[in-house]
Amino acid sequence: MDGPNTVEPGEQEKVFFEPDALLLPDPDSEEGLKIVWGDGVLCHNDRIEQIGPRDTIEEAKNARTVRLRDRILVPGTINAHNHSFQSLLRGVADDRPFLVWRDEALYRYAPHLGKEGVYTGALLAFAEMARMGVTTVCDFFYVHGEGIETDLAVVQAARDVGIRLVLARTFYDWDGAPECFQESPDEAERAFRELHTMFSSAADVSVLPAPHSPHGASAEMIQRGAGIASELDLPWHLHLAEELFEVDEIREHSGTTPVGYLQQIECLNGNLCIVHGVYLPDEDIAALGEVGAGVLHCPSSNMFLGDGAAPLRTMLAKGMRGALGSDGGCSNNRVSVFEEMRMAALLQKVIATDGGAFDAPTAFRLGTEGGADLCGVDAGQIAVGRLADFVSLDLADLSLQPDVHLLRNIVYALQPTAIREVFVGAKPVVQNGGLTRIREQDVRARVVSTAKRIGLQAV
Ligand SMILES: [Zn+2]
């Protein structure tokens, strides 16, 4: 492989990626994906320009070549729901009921993080994600004690690792939570607009509105977030019906179901992406499907916290769009989307008690093109015009043997040892299994020091 990119700003660069195989979209097949042997990918700056055999692409001759022997190049995975700072709280309150976990891990330590702690948590989360083949992460971020300073710390961490960031900037005003989560609707809107403007022309960072949930955000807060999303034509993210207590609360104060409540406050639309949706009645799923809303499905987190199993198969069948998330690093406790593909498929099979209830290609597409759709990024497929975000997998890795159905092996059998290179915008962030921009020992040193400063300990 060639060394790190040294292109000067303004200079045009073409790179020809030449792996043994490519995983490409295939709209004509039932699986929606196909493996092609012998083709390469020509990229111009951070986008894919042409795909095909080297001798059919004139410009490949003069392009810098990245030869990837014994590798298949697949689309980078998209972690559509995460709370990066929570990686710092991993192991603190495992094996506890949801409310104990929330109070003893999140609420106890979040007020002490500050900008430094938020940066360290995000650095740990993003560094580990890059190693696991995540090229875009959507960070649903709500620690706002210092205005937008902590948001900017998350952006810095993403840039230091080289991962693409979608900042789901949270609107939160429930006064039962730590003060550093809370803002007024005016404060939240002002901060959102400032960040959105700041990154409007950035290629590597985008910002979405994310009212926390019907329990963490008032009706006015949800309306602000939804209104801005409509105005700017952006997806907006909202936790909904993760736990049964939330459904009961909504029934108590509004006399209706979670989606009925969103209809009441005039916030149900096709830009909405709900997170979790474990406890939704059929009429709610039908209403979400009717407007083409999305679900950010986090199967490992739902299992880890004992939430339950979201009816993903029903949601997709009713017309909802889907994507996969790892959720926070202390409610999973892994940050791999390949892992979530496997878990999503297995969990649906368990619910249906039917091994044929879900398949590997569907799971793979949720973790790649589905994530791109619901996070509003132009990635998720190796296709002309899309962002050049790739993962290169070692075809010789034992976890991908035997090669009778490679895509199924990628979803069900792949181990991290197979993830060798990761490219974001055609630039390497992982090479030969190691991070290119920061050193892992430096990430660990920061984690050790922050954990000591905030007195982190397990309960
Ligand atoms: Zn969440």
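Observations, loosely collected:
- Taking amide H as placed 1.01 Å from N in the peptide plane, the amide H of W236 sits under 5 Å from that of L272, C273, each at least 5 places away or on another chain.
- Phi-derived couplings, Karplus 6.51 cos²θ - 1.76 cosθ + 1.60 at θ = phi - 60°, listed residue by residue for region 363-368: 4, 4, 5, 4, x, 10 Hz, with x used for Gly and Pro.
- Candidate lysines - alpha carbon under 25 Å from K61, same-chain residues fewer than 8 apart omitted: K14, K427
- Degrees, to the nearest 10: 149-161 long Cα axis against longest axis of the chain: 20
- Remark: the E187-A413 segment gains 76.7 nm on full extension, using 0.36 nm per residue and subtracting the alpha carbon distance.
- Whole-number percent relative contact order across region 252-370, with pairs defined as alpha carbons under 8 Å at least 6 apart: 21
- Alpha-carbon centroid distance for the pair region 264-289 / region 147-169, whole angstrom: 28
- Three-way shape call for the chain based on the alpha-carbon gyration tensor, with the a/c threshold at 1.5: prolate
- Straight-distance crosslink candidates among lysines, where the alpha carbon sits under 23 Å from K452 and sequence neighbours closer than 8 are dropped: K115
- Computed from label points 7 Å out along Cα-Cβ, the spacing between E194 and E149 is 1.1 nm.
- Listed peptides 56-68, 334-346, 215-227 by packing density, highest first (mean Cβ within 10 Å): 334-346, 215-227, 56-68
- Whole-number percent relative contact order across region 152-288, with pairs defined as alpha carbons under 8 Å at least 6 apart: 21
- Alpha-carbon centroid distance for the pair region 415-459 / region 87-113, whole angstrom: 22
- Whether region 397-459 is rounded, prolate or oblate, judged on the alpha carbon gyration tensor where a/c under 1.5 counts as rounded: oblate
- Helix 185-198 axis, angle to the chain major axis (alpha carbon atoms, nearest 10°): 10
- Efficiency of FRET from Cβ geometry, D94 and R159, R₀ 30 Å, rounded to 0.05: 0.45
- For the chain, the longest principal axis of the alpha carbon atoms and the long axis of helix 337-352 meet at an angle near 60°.
- Per residue, the chain reaches -10000 deg cm²/dmol at 222 nm when only DSSP H runs of four or more residues are counted, each adding -39500 (n - 2.57).
- Residue-span extension gain [K318 to D28] - 0.36 nm each, minus C-alpha spacing: 102.2 nm
- Label positions at D442 and D282, each projected 7 Å from the Cα along the C-beta direction, are separated by 5.6 nm.
- Take 136-145, 72-81 and order them by the average number of nearby Cβ atoms within 10 Å per residue, most first; the result is 72-81, 136-145.
- In nm, spacing of pseudo-spin labels at E266 and V291 (7 Å Cα→C-beta vector): 1.2
- Normalising the average separation of contacting C-alpha pairs (under 8 angstrom, six or more residues apart) by the number of residues puts the relative contact order of the chain at 20 percent.
Values in this text are rule-based calculations from the coordinates and carry no lab data. Since this is a predicted model, take the numbers as computed values, not measurements. Quick reminder, even Gly has a Cβ in these numbers, built from the backbone with ideal geometry, and neighbours come from all protein chains shown.
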